[in-house]
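Inspection log for the structure reproduced underneath, given as C-alpha coordinates.
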Amino acid sequence: KALQQCRKEKATLIIAKLDRLGRNVAFISNLMESSVDFKAVDNPHANRLLLHMLAAFAEHEREQISSRTKEALRAAKKRGVILGKHGKEVLSQQNRDAADKFAHAMQPIIKELQDQGFITIREITAELNEREVPTFRGKTWHLASVHALINRS
(Lines give C-alpha, C1' and ligand atoms only; values in the text may rest on other atoms or scores of the structure.)
Protein backbone atom coordinates (compact mmCIF):
# COMPACT_ATOMS: atom_id res chain seq x y z
CA LYS A 1 0.00 0.00 0.00
CA ALA A 2 2.86 2.36 0.84
CA LEU A 3 4.48 1.74 -2.55
CA GLN A 4 1.18 2.37 -4.35
CA GLN A 5 0.72 5.61 -2.42
CA CYS A 6 4.27 6.72 -3.25
CA ARG A 7 3.70 6.00 -6.93
CA LYS A 8 0.43 7.92 -6.87
CA GLU A 9 1.90 10.93 -5.02
CA LYS A 10 5.34 10.71 -6.71
CA ALA A 11 6.77 10.63 -3.18
CA THR A 12 9.91 9.07 -1.73
CA LEU A 13 9.41 6.06 0.51
CA ILE A 14 11.30 6.48 3.78
CA ILE A 15 12.12 3.30 5.68
CA ALA A 16 13.89 2.89 9.00
CA LYS A 17 16.11 0.00 7.90
CA LEU A 18 16.57 -1.65 4.54
CA ASP A 19 16.11 -5.15 5.98
CA ARG A 20 12.68 -4.10 7.34
CA LEU A 21 11.56 -3.34 3.78
CA GLY A 22 12.45 -6.80 2.60
CA ARG A 23 14.94 -9.60 3.02
CA ASN A 24 14.84 -10.62 -0.60
CA VAL A 25 17.41 -9.42 -3.14
CA ALA A 26 14.94 -9.72 -6.03
CA PHE A 27 12.35 -7.59 -4.24
CA ILE A 28 14.85 -4.84 -3.40
CA SER A 29 16.28 -5.00 -6.91
CA ASN A 30 12.82 -4.70 -8.47
CA LEU A 31 12.04 -1.79 -6.15
CA MET A 32 15.23 -0.06 -7.27
CA GLU A 33 14.12 -0.49 -10.89
CA SER A 34 10.59 0.74 -10.19
CA SER A 35 9.40 4.31 -10.36
CA VAL A 36 9.47 4.69 -6.56
CA ASP A 37 12.41 6.42 -4.90
CA PHE A 38 13.25 5.18 -1.43
CA LYS A 39 15.69 6.04 1.32
CA ALA A 40 16.76 3.91 4.25
CA VAL A 41 17.30 6.02 7.37
CA ASP A 42 19.98 3.63 8.63
CA ASN A 43 21.95 4.21 5.41
CA PRO A 44 20.67 7.39 3.70
CA HIS A 45 23.63 7.83 1.35
CA ALA A 46 23.79 4.23 0.13
CA ASN A 47 24.36 3.84 -3.59
CA ARG A 48 22.94 1.07 -5.79
CA LEU A 49 25.88 -1.27 -5.22
CA LEU A 50 25.70 -0.93 -1.45
CA LEU A 51 21.90 -1.40 -1.50
CA HIS A 52 22.33 -4.66 -3.46
CA MET A 53 24.97 -5.87 -1.01
CA LEU A 54 22.86 -4.96 2.03
CA ALA A 55 19.87 -6.74 0.48
CA ALA A 56 22.01 -9.84 -0.13
CA PHE A 57 23.19 -9.83 3.49
CA ALA A 58 19.62 -9.35 4.73
CA GLU A 59 18.44 -12.30 2.62
CA HIS A 60 21.31 -14.44 3.92
CA GLU A 61 20.47 -13.49 7.52
CA ARG A 62 16.81 -14.43 6.94
CA GLU A 63 17.91 -17.88 5.76
CA GLN A 64 20.23 -18.26 8.76
CA ILE A 65 17.47 -17.30 11.21
CA SER A 66 15.13 -19.80 9.59
CA SER A 67 17.74 -22.58 9.79
CA ARG A 68 18.58 -21.85 13.42
CA THR A 69 14.90 -21.75 14.38
CA LYS A 70 14.12 -25.04 12.63
CA GLU A 71 17.15 -26.70 14.22
CA ALA A 72 16.21 -25.43 17.68
CA LEU A 73 12.66 -26.77 17.26
CA ARG A 74 14.00 -30.17 16.13
CA ALA A 75 16.34 -30.29 19.13
CA ALA A 76 13.50 -29.35 21.50
CA LYS A 77 11.32 -32.12 20.07
CA LYS A 78 14.17 -34.63 20.54
CA ARG A 79 14.40 -33.57 24.19
CA GLY A 80 10.70 -34.36 24.56
CA VAL A 81 9.39 -30.82 24.61
CA ILE A 82 5.78 -30.69 23.43
CA LEU A 83 5.57 -27.62 21.25
CA GLY A 84 2.49 -25.48 21.74
CA LYS A 85 1.73 -27.09 25.10
CA HIS A 86 1.88 -23.82 27.04
CA GLY A 87 -0.76 -22.21 24.83
CA LYS A 88 -3.05 -25.22 24.85
CA GLU A 89 -2.83 -26.01 28.54
CA VAL A 90 -2.02 -22.76 30.28
CA LEU A 91 -2.93 -19.72 28.20
CA SER A 92 -6.23 -21.09 26.93
CA GLN A 93 -7.34 -21.80 30.51
CA GLN A 94 -6.23 -18.34 31.64
CA ASN A 95 -8.16 -16.76 28.76
CA ARG A 96 -11.23 -18.85 29.54
CA ASP A 97 -11.08 -17.89 33.23
CA ALA A 98 -10.67 -14.19 32.40
CA ALA A 99 -13.60 -14.32 29.97
CA ASP A 100 -15.77 -16.05 32.58
CA LYS A 101 -14.83 -13.42 35.17
CA PHE A 102 -15.64 -10.63 32.70
CA ALA A 103 -19.00 -12.22 31.84
CA HIS A 104 -19.82 -12.48 35.54
CA ALA A 105 -18.93 -8.79 36.06
CA MET A 106 -21.13 -7.84 33.07
CA GLN A 107 -24.24 -9.64 34.39
CA PRO A 108 -25.57 -6.64 36.35
CA ILE A 109 -25.17 -4.35 33.32
CA ILE A 110 -26.97 -6.81 31.02
CA LYS A 111 -29.73 -7.27 33.62
CA GLU A 112 -30.12 -3.51 33.96
CA LEU A 113 -30.42 -3.11 30.17
CA GLN A 114 -33.00 -5.90 29.99
CA ASP A 115 -34.97 -4.29 32.83
CA GLN A 116 -34.93 -1.02 30.87
CA GLY A 117 -36.52 -2.76 27.87
CA PHE A 118 -33.49 -3.68 25.79
CA ILE A 119 -34.44 -7.28 25.09
CA THR A 120 -32.91 -8.39 21.80
CA ILE A 121 -29.22 -9.01 21.25
CA ARG A 122 -29.25 -6.23 18.65
CA GLU A 123 -30.76 -3.72 21.12
CA ILE A 124 -28.34 -4.69 23.88
CA THR A 125 -25.37 -4.45 21.49
CA ALA A 126 -26.40 -0.99 20.31
CA GLU A 127 -26.95 0.25 23.87
CA LEU A 128 -23.60 -1.10 25.13
CA ASN A 129 -21.87 0.73 22.27
CA GLU A 130 -23.97 3.87 22.87
CA ARG A 131 -22.95 3.88 26.55
CA GLU A 132 -19.35 3.13 25.54
CA VAL A 133 -19.18 0.12 27.84
CA PRO A 134 -15.80 -1.50 27.08
CA THR A 135 -15.64 -5.06 25.81
CA PHE A 136 -13.32 -7.70 27.22
CA ARG A 137 -10.64 -6.47 24.79
CA GLY A 138 -11.71 -2.81 24.96
CA LYS A 139 -13.22 -2.74 21.48
CA THR A 140 -16.67 -2.29 19.95
CA TRP A 141 -19.50 -4.65 20.83
CA HIS A 142 -20.83 -6.90 18.06
CA LEU A 143 -23.86 -9.15 17.94
CA ALA A 144 -21.71 -12.26 18.27
CA SER A 145 -19.77 -10.92 21.26
CA VAL A 146 -22.95 -9.95 23.12
CA HIS A 147 -24.52 -13.29 22.29
CA ALA A 148 -21.44 -15.13 23.58
CA LEU A 149 -21.38 -12.95 26.70
CA ILE A 150 -25.01 -13.71 27.54
CA ASN A 151 -24.52 -17.43 26.89
CA ARG A 152 -21.36 -17.49 29.02
CA SER A 153 -22.94 -15.87 32.09
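The values are calculated or read from the model by the stated rules, or taken from the named source; none is laboratory data. A quick note: this is a predicted structure, and the numbers were derived from the prediction, not measured. Cβ placement follows ideal geometry from the backbone for every residue including glycine, while neighbour counts extend to all protein chains displayed. Accessible surface areas use protein heavy atoms only, side chains included; no ligands, DNA or RNA. Shrake-Rupley method; radii C 1.70, N 1.55, O 1.52, S 1.80 Å.
Applying a 10 Å radius around every beta-carbon, put 5-16, 141-152 in order of their mean neighbour count, most first.
Values: 5-16: 12.0, 141-152: 15.5.
Ranked by mean Cβ neighbours within 10 Å, highest first: 141-152, 5-16.
Given all pairs of different Cα atoms, what value in angstroms does the Kirkwood hydrodynamic radius of the range 69-153 take?
Details: mean 1/r = 0.0657 Å⁻¹.
Evaluated over the range 69-153, this radius sits at 15.2 Å.
What angle do you read, to the nearest 10 degrees and between 0 and 90, between the alpha-carbon axis of helix 143-152 and the longest principal axis of the chain?
In the chain, helix 143-152 runs at an angle near 60 degrees to the longest axis.
What is the helix-to-structure angle for 48-78, meaning the angle in degrees between its Cα long axis and the longest Cα principal axis of the chain, kept from 0 to 90 and rounded to the nearest 10?
Once rounded, one gets 50 degrees.
What does the charge count around TRP141 come to, taking other residues whose C-beta lies under 12 Å from its C-beta (Lys +1, Arg +1, Asp -1, Glu -1)? If you can, show how the numbers build up before the last one.
Numbers: positive: ARG122, ARG131, ARG137, LYS139; negative: GLU123, GLU127, GLU130, GLU132.
Taking every other residue near TRP141 into account, the sum is 0.
Expressed in whole Å with the largest first, what are the equivalent ellipsoid semi-axes of the range 102-144 derived from the C-alpha gyration tensor as the square root of 5 times each eigenvalue?
Working: eigenvalues 47, 31, 15 Å².
That gives 15, 12, 9 Å for the three semi-axes.
Output ³J(HN,Hα) for the range 81-97: one whole-Hz value per residue in order, computed from phi by the Karplus curve 6.51 cos²θ - 1.76 cosθ + 1.60 with θ = phi - 60°, and x for Gly and Pro.
5, 8, 5, x, 4, 4, x, 5, 9, 9, 5, 5, 5, 4, 5, 4, 4
Which entries of LYS17/LYS85; LYS8/LYS39; LYS1/LYS39; LYS85/LYS139; LYS111/LYS139 have Cα-Cα distances beyond 24 Å here? If you can, show how the numbers build up before the last one.
On the way: LYS17/LYS85 35 Å; LYS8/LYS39 17 Å; LYS1/LYS39 17 Å; LYS85/LYS139 29 Å; LYS111/LYS139 21 Å.
Beyond 24 Å between Cα atoms: LYS17/LYS85; LYS85/LYS139.
Considering only protein heavy atoms, what is the solvent-accessible area of ARG96 at a probe of 1.4 Å, reported in Å² to the nearest 10?
The accessible area of ARG96 comes to roughly 110 Å².
Work out how far the C-alpha atoms of the range 10-89 reach from end to end along every principal axis, then list the three figures in whole Å, largest first.
53, 24, 20
Before rounding to the nearest 500, sum -39500 (n - 2.57) across all DSSP H runs of length at least 4 in the chain and divide by the residue total; then give [θ] at 222 nm in deg cm²/dmol.
-20000 deg cm²/dmol
Going by amide H atoms built from the backbone, whose H comes under 5 Å of the H on PHE38, apart from near neighbours?
Excluding prolines and chain starts, which carry no amide H, the hits are LEU13.
Percent relative contact order of the range 1-106, based on C-alpha pairs within less than 8 angstrom and at least six residues apart? If you can, show how the numbers build up before the last one.
Values: 64 pairs, mean separation 25.7, N = 106.
Normalised by residue count, the contact order of the range 1-106 is 24 percent.
In square angstrom, what is the accessible area per residue of the chain with a 1.4 angstrom probe?
Numbers: 11190 Å² over 153 residues.
For the chain, the per-residue accessible area is 73 Å².
In Å, what Rg and Dmax follow from the Cα atoms of the chain?
That works out to 25.7, 72 Å for Rg and Dmax.
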